[in-house]
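Encoded as structure tokens, the structure appears first; notes follow it.
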Amino acid sequence: MSARKQKPRTRDPSSTTETMKDLDVQNKLSSMLLNGEYDADLVSRYPELSSKLELSLPFFRGQFQSSSVEGYRQIFKAMNPSVRAMFGEVEALLRLLLVSPANSTEAERSLSALRRLKTWLRGTMTQRRLNHVMVCLIHRERLAQVKLEEIAEQFVVSSDDRRRIFGRFQ
């Protein structure tokens, strides 16, 4: 048996440059939402966004203020659907910020978690359940904040059969 020589791993400088570009784009998108700094070149890169954002963003920011993307997410979550429909372009910007990773590390971490999970539960799980478990795994910090007693109580009181079986949950 002969030992194979492996090339030493070197860091590809272009990947670092790409990450910085991605991070710059993410920062510009965040700045657009948080500071109202509209960037037509940036908007033209995303088919989800249109030039209508230039008008709707200042109007939205005049009605609602927050210092973070998470704050705006909470505002949209609490918003009446008819009011939310008025700010479709701003909602598209917010969704873009929430779903696009700032760099490839987050995506790679998600895929790594998926690979570990699939190895652990190989063949015993449907795609739907796998998706739900992956969301729980990736967002475990937020999941830790969920109040299990409230969920259990909602589960029990949603059906007469469950109420009969489990009784009053407290």
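Coordinate-derived values only; no laboratory data. Source: prediction; values computed, not measured. Counting neighbours? That spans all protein chains shown, and the Cβs are built from the backbone with ideal geometry, glycine included.
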Exercise for the section: Place +1 on the Cβ of every Lys and Arg and -1 on the Cβ of every Asp and Glu in region 29-121, take the dipole about the Cα centre, and give the residue among 86, 64, 113 whose Cα lies farthest towards its positive end. Expected result: 113
Problem - When each of 77/147; 28/52; 21/118; 21/77 is checked by Cα-Cα distance, pairs over 26 Å - result: 21/118; 21/77
Problem - Environment charge at residue 55 (Cβ cut-off 12 Å; Lys +1, Arg +1, Asp -1, Glu -1) - result: 0
